[in-house]
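To keep things clear, I will list the structure first and then write my remarks on it.
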Amino acid sequence: MSRRPDPLPRLCRWRTNLIQTPGFALVTVLCGSISLLLSFVDKSGRVQHRIAQVWARLCVWFSGSR
């Protein structure tokens with residue numbers, strides 16, 4: 001049987017559970033709601049695409065990536 005991998009350090013788990021997960025959820029709910037509401041006005045989809053770009057950038061920022 002193989003050895004279990006080392007768990008993440010405590011600080012990384014706290015950051016994930018207290019900052020990143022709620023941040024992802026909040027950004028997703030906000031951007032999704034705004035996009036849904038604006039879809040009734042903008043039929044071309046450009047506004048939704050721009051909101052999706054903002055959402056993706058915020059998710060990358062919350063994850064700590066560059």
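Ranked by solvent-accessible area (1.4 Å probe, protein heavy atoms only, all chains present), the residues Ser44, Ser33 order from largest to smallest as Ser44, Ser33. Residue ranking by accessible heavy-atom surface, 1.4 Å probe, largest first, among Ser2, Ser35, Ser63 comes out as Ser2, Ser63, Ser35. On a 0 to 90 degree scale, rounded to 10, what angle separates helix 21-38 from the longest Cα axis of the chain? Result, in degrees: 10.
Computed on the chain, with alpha-carbon pairs under 8 angstrom and 6+ residues apart, the relative contact order is 34 percent. Note on Thr16 and Ser33: the extension gain reaches 3.7 nm, defined as 0.36 nm multiplied by sequence separation minus the Cα-Cα distance. Compared with the dominant Cα axis of the chain, that is its longest principal axis, helix 46-63 is turned about 20°.
Surface analysis of the chain yields an accessible area of 91 Å² per residue, using protein heavy atoms and a 1.4 Å probe. Around the Cα centre of the chain, unit charges on the Cβ atoms of Lys, Arg, Asp and Glu (plus for the first two, minus for the last two) sum to a dipole of about 260 debye.
The chymotrypsin sites (Phe, Trp or Tyr not before Pro) of the chain meeting both criteria, a DSSP state outside H, G, I, E and B (loop) and at most 15 other C-beta atoms within 10 angstrom of the site's C-beta, are Phe40.
Over the chain, with a single point scatterer placed on each C-alpha, what log10 of the ratio I(q)/I(0) does the Debye formula yield at q = 0.14 1/Å? These q points yield log10 I(q)/I(0) values of -0.55.
Label-to-label distance, Val41 versus Trp61, with points set 7 angstrom from Cα along the beta-carbon direction: 2.2 nm. To put it simply, the accessible area of the chain at a 1.4 Å probe is 67 percent carbon and sulfur.
The values are calculated or read from the model by the stated rules, or taken from the named source; none is laboratory data. As the structure is a prediction and not an experimental result, all values here were calculated from the model. We place every Cβ from the backbone using ideal geometry, glycine too, and count neighbours over all the protein chains shown. Each accessible area value is taken on the protein alone, full model and side chains, heavy atoms only, with ligands, DNA and RNA left out. Shrake-Rupley method; radii C 1.70, N 1.55, O 1.52, S 1.80 Å.
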